[in-house]
Amino acid sequence: MALQSMTGFARSEGTSGRYRWAWELRSVNGKGLDLRLRLPSGMEALENDAKTLVSSRLARGNVQMGLNVSISESRMSARVNRDVLDAVLSLRDELGADIVDPAPMRMDTLLQIRGLVDFEEEKDSDEAIAARDKAILDGLEKAAIALCDMRSSEGEALGKLLSAQVDRIEELALVVENDPSRSVEEIARKIETQISTLMETATNLDRDRLHAEAAILATKADLREEIDRLKAHVAAARDLLQAGVPVGRKLDFLAQEFNRESNTICSKSNSVAVTAAGIELKVVIDQFREQVQNLE
């Protein structure tokens with residue numbers, strides 16, 4: 001399974017008997033999987049099967065699922081209310097002797113009598129309804145596959161972008177690691193210079209004590225741990241990008257860890273070049289985290 005974006009659109013349509021149906025699926029970012037289903041009145045029985053089908057293919061995202069169904073031809077039947085008809089005929093016989101030359105009873109006259117004839121749409125057989133519902137669910141599966149394909153296509157592009165950003169994070173970590181200000185000789189030179197300056201301005205200071213305090217400060221300012229953790233996070237990010245499973249949440253956590261290390265590097269920096277690299281690190285990491293929000 002390739003990386004998937006959480007955004008996508010798919011449509012599927014078809015016919016079954018006299019029914020024509022169309023599915024539309026829209027997916028956007030979400031913390032979990034949230035399926036919103038809109039079905040025509042009378043087709044609520046499809047809800048559970050539809051949600052189960054789509055949730056078996058997606059892990060995250062807010063997904064809008066809409067079904068439209070139309071009928072290509074109407075089948076109407078007429079039902080005569082025998083009680084009403086009998087009452088009308090009985091009334092005609094009853095009044096026949098009082099009416100001179102009565103006109104024959106016409107069909108259009110009968111149809112105007114309220115309640116005499118009821119028109120209703122014929123119901124499909126159970127077999128036709130079952131075939132229709134199966135065709136609709138098969139169409140939903142096709143739409144879900146198309147949605148996954150689109151999300152995978154976008155996920156592939158996102159994966160390339162994220163990989164490039166991880167490469168840049170590694171490059172900047174190496175810039176910090178190889179900066180001359182981090183060499184033992186340079187650190188020792190700076191400490192010695194600072195101590196000499198202090199001794200010149202305040203002769204009553206204990207030189208050995210100053211050396212001890214400077215050594216403590218130098219240890220606190222060392223970036224070895226931050227650089228090592230950055231490298232470990234880079235390796236973990238690359239493994240996740242190649243894992244072939246939904247990794248959006250894990251990469252989002254790694255982005256937070258990347259950010260923590262870059263903040264520490266900036267706060268500990270004693271070099272303009274290291275500070276510049278740390279700031280660029282923060283920019284790249286922010287871009288990385290922003291893109292990770294789109295991944296399943």
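The values are calculated or read from the model by the stated rules, or taken from the named source; none is laboratory data. In this text the structure is predicted, and so the values were computed from the model without any measurement. For neighbour counting, all protein chains shown are included, and Cβ atoms are generated from backbone atoms with ideal geometry for every residue, glycine included.
Just to be sure, is Ala143 under 30 Å from Ile285 (Cβ atoms), more than 15 Å from the chain's Cα centre (by Cα) and not charged (D, E, K, R)? Before you say what the answer is, go through the steps one by one.
Details: under 30 Å from Ile285 (Cβ atoms): no; more than 15 Å from the chain's Cα centre (by Cα): yes; not charged (D, E, K, R): yes.
It is false that Ala143 is under 30 Å from Ile285 (Cβ atoms), more than 15 Å from the chain's Cα centre (by Cα) and not charged (D, E, K, R).
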Tell me, which residue of the stretch 6-20 that is farther than 30 Å from Val247 by Cβ and assigned to a strand (DSSP E or B) is nearest to the chain's Cα centre (by Cα)? Glu13
I'd like to know if the stretch 38-56 contains one or more residues that are free of Cβ contacts under 8 Å to residues at least 12 places away in the same chain, out of contact with any helix residue (DSSP H, G or I) (no Cβ under 9 Å at 6 or more places or on another chain), closer than 21 Å to Glu296 by Cβ and among the polar types (S, T, N, Q). yes
Members of the stretch 21-39 found to be at pLDDT below 95 and either part of a loop (DSSP other than H, G, I, E, B) or of a type in the set (Lys, Arg) (or both), listed by number: Asn29, Gly30, Lys31, Gly32
